[in-house]
Amino acid sequence: MLRFVTTNEGKVREAREYLDGVEQLDFDYTEVQAEDLRTVAAHGAREAYRYAGEPVLVDDAGLFVDAFDGFPGPYSSYVEDTVGVERVWRLVADEDDRSAAFKTVLAYCDGAEFDASPEPVDRDDATPERRGQDRTVDERAAATTDDQVAEGDLPVKIFEGYVPGELVAPRGDGGFGYDPIFEHDGRTFAEMTPAEKNAVSHRGRALAKFGEWFQER
Ligand code: IMP
């Protein structure tokens with residue numbers, strides 16, 4: 001059975017829309033300090049697989065603010081806990097450029113090699129939405145991580161999703177985390193139902209790609 005590894009109920013709600021019968025594994029994997037979400041997610045997937053002994057999917061996400069050079073990015077969780085979402089908005093409110101992006105990295109591990117893919121770490125980040133865009137922030141968030149696949153280490157398959165938006169004063173009661181201050185196409189993620197958010201979100205995009213691959217596997 002596939003286990004979605006997170007302590008965050010909000011993420012599980014969104015994942016269920018794509019993955020029938022997925023079960024939450026409430027396991028707090030070690031968040032290694034790294035500039036790249038992929039490193040964090042891949043490390044977490046290996047650790048969770050060793051713990052559970054079943055196929056696992058780890059979701060590591062972050063908010064990348066253009067005016068802050070991509071910060072908080074991989075430190076989003078720490079910044080939410082220490083600074084808080086409202087104060088992040090107040091910091092950004094002083095900036096002319098309030099653009100930002102969410103990014104999710106899904107890391108899958110089941111202990112086996114991936115026949116479907118020649119590379120143990122596989123990237124698919126050339127979504128139509130991202131082509132032709134200013135990808136500065138995202139590119140910064142995506143330094144190569146191929147070296148993390150040490151000889152003999154557990155293979156991890158990576159799926160990524162990205163959504164651009166604008167930070168705004170908090171609106172809406174839905175979602176979680178930074179959703180109330182992240183606006184996409186005129187509405188904040190907190191003003192959307194989980195299905196509406198999934199249809200456009202970083203996580204929805206990554207889950208759709210993963211779901212397609214996993215069904216074939
Ligand atoms: P993590 O992936 O659980 O480490 O999350 C990193 C940080 O980003 C946490 O503060 C989450 O609350 C926040 N976060 C992750 N995904 C989302 C999302 O879809 N919307 C809003 N905040 C998110």
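Since every read-out is calculated from the coordinates, none of them should be taken as a lab result. Given the structure is predicted, the values throughout are model-derived calculations rather than measurements. Here the Cβ is made from the backbone with ideal geometry for all residues, glycine too, and neighbour counts use every protein chain on show.
Extension gain for TYR78-GLN33 works out to 15.1 nm (0.36 nm per residue, less the C-alpha to C-alpha distance).
Within the shell defined by Cβ-Cβ distances under 9 Å, the residues around HIS202 carry a net charge of +2, with Lys and Arg each +1 and Asp and Glu each -1. Sequence-ordered 3J(HN,Hα) estimates for segment 32-39 from the Karplus curve with 6.51, -1.76 and 1.60 and θ = phi - 60° stand at 5, 6, 8, 6, 10, 4, 5, 4 Hz, glycine and proline given as x.
More than 22 Å apart: what percent of Cα pairs in segment 1-72 qualify? Tail of the P(r) past 22 Å holds 26 percent of the pairs.
If the segment from ALA199 to ARG217 were pulled out straight at 0.36 nm per residue, it would be longer than the present Cα-Cα gap by 4.1 nm.
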